[in-house]
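Read the structure below first, then the notes.
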Amino acid sequence: MKPRILICLAALLPGTVWLTGCASIGDQIKDEFSSYAEPKEGELAHIRLIGSRQVKVYPNSTCVNPGAPGSGYPNGWQMYGQRKRDLGMPKLPQTPRHYIEIAARAAQPITAAFSFQTSLFPQKTPWSSGGNVINVNLCNIAYSFVPVAGAHYEVVARENRRVCSVDLTQLTPAADGTWHAVHVPGREVGHCGTSPAAAGH
């Protein structure tokens with residue numbers, strides 16, 4: 001039997017903060033370079049992911065599950081994050097310049113895990129000799145919901161005052177032809193077998 005090298009680091013590459021405990025290097029790398037297996041037929045919904053270039057998708061899963069078949073990055077892993085991906089979903093006035101649009105199986109749970117760096121802020125510390133130490137706020141947060149066939153959704157990750165959160169809305173058409181975002185149910189989740197807090201965000 002070939003020996004397996006184990007690592008017990010919380011973060012080897014961007015996004016690996018979800019992988020707690022020890023894992024083989026091979027398994028870790030395989031998960032980190034995986035691509036989302038986007039469905040092409042059947043009953044589908046469309047989802048716009050906003051707020052992070054490092055976002056992974058876990059289909060048919062109610063938690064962050066690297067072993068979920070078809071899980072991975074919608075655009076494949078890319079250094080410095082994924083490029084914009086546009087499937088032609090309806091746009092809102094506040095839709096940002098960068099987003100990732102995907103198709104997903106309807107009536108099946110899907111989980112999106114966001115990992116991103118936000119505000120830089122100075123903080124005085126006892127050991128900084130009167131100067132400021134620059135801190136970086138890191139957000140690692142995942143959200144799960146069950147999409148409806150033919151519907152359009154936005155999943156938006158954000159940070160406000162060092163608190164990470166996700167908003168889930170469904171895009172609905174108005175009589176005048178414009179589209180509006182309406183909040184729909186979903187829930188924050190963690191790594192499978194843990195609570196959201198234990199998953200770290």
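What the table below lists for this structure:
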{"item": "Subset of region 79-89 [at negative phi and buried (at least 16 other Cβ atoms within 10 Å of the Cβ)]", "result": "GLN82, MET89"}
{"item": "Hey, GLU159 modelled with pLDDT under 95 and either in a loop (DSSP other than H, G, I, E, B) or not basic (Lys, Arg) (or both) or not", "result": "yes"}
{"item": "Test: HIS191 is more than 14 Å from VAL64 (Cβ to Cβ) and modelled with pLDDT of 85 or more", "result": "no"}
{"item": "Filter result for GLU154 (at pLDDT 95 or above and surrounded by 11 or more Cβ atoms within 10 Å (Cβ to Cβ))", "result": "yes"}
{"item": "Selected residue [on the phi < 0 side of the Ramachandran plot and in contact with an Asp or Glu (Cβ under 9 Å, 6 or more places away or on another chain)] from PRO39, PRO66", "result": "PRO66"}
{"item": "Filter result (of a type in the set (Gly, Ala, Ser) and more than 19 Å from PHE145 (Cβ to Cβ)) within region 170-194", "result": "ALA174, ALA175, GLY177, GLY193"}
{"item": "Pair list, Cβ under 9 Å, 6 or more apart: region 42-53 residue under 13 Å from VAL146 (Cα atoms) and without any contact (Cβ under 8 Å) to a residue 60 or more places away in the chain, other residue polar (S, T, N, Q) and buried (at least 20 other Cβ atoms within 10 Å of the Cβ)", "result": "none"}
{"item": "Checking MET89 against (1) modelled with pLDDT of 60 or more; (2) out of contact with any strand residue (DSSP E or B) (no Cβ under 9 Å at 6 or more places or on another chain), the condition it does not meet", "result": "(2)"}
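Listed here are the residues, each with its yes/no results for (1) surrounded by fewer than 16 Cβ atoms within 10 Å (Cβ to Cβ); (2) touching a His at 6+ places or on another chain (Cβ under 9 Å); (3) among the small types (Gly, Ala, Ser); (4) modelled with pLDDT under 80.
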residue: GLY76; (1), (2), (3), (4): yes, no, yes, yes
residue: HIS98; (1), (2), (3), (4): yes, no, no, no
residue: GLN108; (1), (2), (3), (4): yes, no, no, no
residue: THR111; (1), (2), (3), (4): no, no, no, no
residue: CYS139; (1), (2), (3), (4): no, yes, no, no
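The values are calculated or read from the model by the stated rules, or taken from the named source; none is laboratory data. Please read these numbers as outputs of a predicted model, since none were measured by experiment. Every residue, glycine among them, receives a Cβ derived from its backbone with ideal geometry; neighbour counts consider all protein chains shown.
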